[in-house]
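Please treat every number below as a calculation from the coordinates, not as lab data. Remember, it's a predicted structure, so these values are computed and weren't measured experimentally. Glycine also receives a Cβ, built like all others from the backbone with ideal geometry; neighbour counts cover every protein chain displayed.
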């Protein structure tokens, strides 16, 4: 499921709102260790373009 979500996020990465919605949807389907992997992948691949979205969503995961 993690690879599927990565694929979806790559497709919607041009639209910030869709990107945000898809990252949030990921929490419904992924296991906790996959969410951590997704976080690292997002920071690596989209940290420059979608940093605010990633930080906003994942601030609660780290808490």
Per residue, the convex hull volume that the Cα atoms of the chain enclose (Å³): 73 Å³
Label point distance in nm, residue 17-residue 55, each placed 7 Å from Cα along Cα→Cβ: 2.3 nm
Distance between modelled label sites at residue 40 and residue 25, nm, 7 Å Cα→Cβ extension: 2.5 nm
In nm, spacing of pseudo-spin labels at residue 6 and residue 48 (7 Å Cα→C-beta vector): 1.9 nm
